Amino acid sequence: MTDPVREKLISNNFLSHFFTKEGFAGYPKGSYIGYREHGYYLDENEIVGHLRGDWLTDEKLKINSDLKNTIVSHIFEIFMNAYGHGKKNGFSHGAMSCGRYDKKEGKLSLSVVDFGHGVCESVRRFQKEPDLSDSEALIWALKRGNSTKTDSQGLDIPRGLGFGLLSDFVGINQGKIEIYTNSAHAIANARNEYVVSKKGQSLNGTIVDIEINCDGKKYSFFDESKTDLTAYF
C-alpha cells in the first residue's frame, strides 16, 4: 500500500488489529477515536462513554451540554441499529466503528459498520412485504418515527428518531451523513432531507458515515428551541 494509506491505517489503530509486527502494537487502552470492535452484545455504557468522553469532547466541539447529550443519544441509536440489523439467524455479529479527528481541517468523522442482513431486509421482514425494493425500504426506515424495533435491546428509548435529528444538525453544521445498506445509498442534502439511490452492488450489512465540522460558526445558529432535545443518558 502507499505510504499515506499505511500511515492513516496505523494512526487510526486499524492495522494493529490484524498485524502483530513491531509498530502495529496499537494504542494502549484509553481515549482514542480510531478503529474499535464493540463485541457481540450491546454495551451501552462502553459506547456512550466512548462517544461522550473520546469522540464528542469539548476540546473538539463546543456546544450546549443538552445538545451534546442529545447528539450522543441519537448517535447511540445508530449503534442500536447496527446491533439490531446486524443479526443473522437471531445472532448478532456485533458492530465496528472508526473515528477520526482532523484538527487541521476541523472535521470530526465517525463510521459505524455491521455485517448483518441490512436495514432494507429488516424492513421487508418487519413489514412482511418481500417485494419491497431496497430503495423503498430505506426510504421507509429513514422517516421519523419509523422503526422495526428489532434493536431495542431492552432499553426504554423511543426508536426512529436518530437519523432525523442527526440530519438536522449535520445539515446546519454543513457536515455529512451517508448510509450504505444492501443495494441502497442515502445522503442528507442541504434541506436536511435524505436522497436515496440504488447502487450497482449490494452490501451484506450497513455502513453509516457521519462528518461534523468543528468550526463554531457552522452551528452557532442552530435553533435548539425547535429541536427535540430529549437525551437518554
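The values are calculated or read from the model by the stated rules, or taken from the named source; none is laboratory data. Keep in mind it's a predicted model, so treat the numbers as computed, not measured. Note that we place each Cβ from the backbone using ideal geometry, even for glycine, and neighbour counts take in every protein chain shown. Just so you know, the surface numbers come from the protein's heavy atoms only, side chains and all, with ligands and any DNA or RNA stripped out. Shrake-Rupley method; radii C 1.70, N 1.55, O 1.52, S 1.80 Å.
Couple of notes before you dig in:
- Taking each residue as 0.36 nm, the span from SER111 to PHE18 lengthens on full extension beyond its C-alpha to C-alpha distance by 31.6 nm.
- Greater than 25 Å apart at Cα, pairs in LYS68/LYS103; LYS103/LYS143; LYS60/LYS176: LYS103/LYS143
- Counting charges near ARG100 (Lys, Arg +1; Asp, Glu -1) among other residues having Cβ under 9 Å from its Cβ returns a value of +1.
- Of the residues PHE18, PHE76, PHE163, ranked by 1.4 Å probe accessible area with the largest first, the sequence reads PHE18, PHE163, PHE76.
- By accessible area with a 1.4 Å probe, ligands and nucleic acids excluded, highest first: order of TYR194, TYR180, TYR41: TYR41, TYR180, TYR194
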